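K.L.:
Before anything else, here's the structure in question.
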Amino acid sequence: MISESLKYQRKELELKSLLEITQAINENKTAEVLLHIFKFTCLVHLNIRSLVLYGKEAASFTKLISHGLSGTVPSRLAEKQISHDREQGQLNIEVGEEQSFEELELFVPVYHKQELLAILLLKRKDANAPIDLDFTKALTNILVVALENKRFAKRQLEQERLRKEVEIASSVQRMLFPEVLPYTETLRAMVTYYPHSTVGGDYYDLIWPEPQTVYFCVADVSGKGMPAALLMSNFQAALRTLLRSFTDMRQIVEQLNATAYDSTKGERFITFFLGRFSFSDRELTFVNAGHNPPLLSIPSTGSCEELSAGTTILGAFESLPFLEIGTRRVPESFHLHLYTDGLTEVLNPAEEEFGEERFHAFVREMCRLEPKDFHTRFLEVLNAFSAGTPRRDDLTLLSVELPA
């Protein structure tokens, strides 16, 4: 009669324990609360004196609970330290000399299909008293599944948050680029822009602060993705503000460098080319800040010149070590081709880069084409070269024709 009464009491405690932990799960209690309930249940309602619970996280097992141990056990176990045989019910854990599981007499594995998700090691209060391992395993399984669901939900929320951030950044970035480039008798412009991901680190722009003056620029931030895109967005806003307030190229570039350095403390940098053309005297003024030199092409003579004068990359140094302002008087009609290194670094199936030499040769050969035709023909050549090889970086090509 006593034996039956004890069995009834034990079952009642087990049901109460299951109810308590499932209710906490349904109420979306934190992982810490769930672990506390599990630990309390094991130590108070079950015949358990000491225990340690490991749960799988990525490629290792992390200690989630530890109680009543006199010795030291690892806080984390690599998968290679654990060997187990589900059919034979065997478990072996390799640890250092100063660590041991010898005081724990039983283990309860938790599997999902053939994957080991958790390990509960325990020691009974009374070695002669029974312990319901099936119930203990079921309770552990409920806990582990709940914790795994919480981790999954957290990852889902994080991915959704990142997706929304990328969506917002992409939207903002699209707003920062010129909506339409001019294509008139005065100025013809065409751009080809392929971001490597949803948001890119390349930037191009045409800015008219006054009718007789146009600025054109191209830039590339080190790195990819969100950090590069956010830095470039800040850089673009700073540039447009400066062009509304100043005309001195030296002052503009030095201030842009200070803005970039303050934002990144030298951890990221920007390559940048800024050109200004005055229609009244047909003077071209420019600064190249460590960027791929744009090409100045004059169709009437067939000449092709790299525009290299300028300074080093922006944002790497608190102050620029040198700065040269380039100037050219160009009475003839001319073309400018501004690009980022994603163009010259396009690979073919043999992992050979397209390179500057091929691009320069193409510009010399096609120097009389208007920008739209130039881009159409160039993309045919570039795509034929790459033969479907995935691009590794953002790609930008901005072509500007300024007729005489």
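No value in this document is a laboratory result; all are computed from the given coordinates. Here the structure is a predicted model, which is why all the values come from computation and not from measurement. As a convention, Cβ positions derive from the backbone with ideal geometry for all residues, glycine included, and neighbour counts pool all protein chains shown.
K.L.:
So for segment 177-402, averaging the separation of alpha carbon pairs under 8 Å that are six or more residues apart and normalising by length, what relative contact order in percent results?
P.N.:
Averaging sequence separation for qualifying contacts and normalising by length gives 24 percent for segment 177-402.
K.L.:
Sticking with this structure for a sec: For segment 194-250 and segment 365-386, what is the centre-to-centre distance using only Cα atoms, to the nearest Å?
P.N.:
First find each Cα centre; the distance between them is then 25 Å.
K.L.:
In a Debye calculation with equal point scatterers on the alpha-carbon sites of the chain and no solvent, what is log10 I(q)/I(0) at q = 0.09, 0.13 Å⁻¹?
P.N.:
Taken in order of the listed q values, log10 I(q)/I(0) reads -0.69, -1.00.
K.L.:
Percent relative contact order of segment 2-157, based on C-alpha pairs within less than 8 angstrom and at least six residues apart?
P.N.:
Working: 187 pairs, mean separation 34.9, N = 156.
Relative contact order for segment 2-157 comes out at 22 percent.
K.L.:
While we're on this one: Note down the nm distance, to one decimal, between modelled labels 7 Å out along Cα→Cβ at THR312 and at SER280.
P.N.:
Here the answer is 3.7 nm between the modelled labels.
K.L.:
Still on this structure, I have one more. Cβ under 11 Å from ARG188's Cβ, ARG188 left aside: what net charge do those residues give with Lys, Arg +1 and Asp, Glu -1?
P.N.:
On the way: positive: LYS372; negative: GLU185, GLU370, ASP373, GLU401.
Result for the neighbourhood of ARG188: -3.
K.L.:
Another one. Add +1 for every Lys or Arg and -1 for every Asp or Glu among the other residues with Cβ under 10 Å from the Cβ of PRO371, and state the total.
P.N.:
Numbers: positive: ARG188, LYS372; negative: GLU370, ASP373, GLU401.
Counting the neighbours of PRO371, the net charge comes to -1.
K.L.:
All other residues with a Cβ under 14 Å from the Cβ of GLU167 taken together, and with Lys, Arg as +1 and Asp, Glu as -1, what is their net charge?
P.N.:
+2
K.L.:
What is the extension gain from LEU13 to ALA384, computed as 0.36 nm multiplied by their sequence separation minus the C-alpha to C-alpha distance, in nm to one decimal?
P.N.:
Numbers: separation 371, 0.36 × 371 = 133.56 nm, distance 7.34 nm.
Full extension of this stretch gives 126.2 nm more.
K.L.:
I need to check one value: relative contact order of the chain, counting alpha carbon pairs closer than 8 Å and at least 6 residues apart, in percent.
P.N.:
So the answer I get is 12 percent.
K.L.:
Name the residue, out of GLU158, GLU87, GLU380, whose mean-square fluctuation peaks in a Gaussian network model built on the chain with Cα pairs under 10 Å.
P.N.:
GLU87
K.L.:
Rounding to the nearest 10 and keeping the result within 0 to 90°, find how far the Cα-based axis of helix 31-40 lies from the longest principal axis of the chain.
P.N.:
10 degrees
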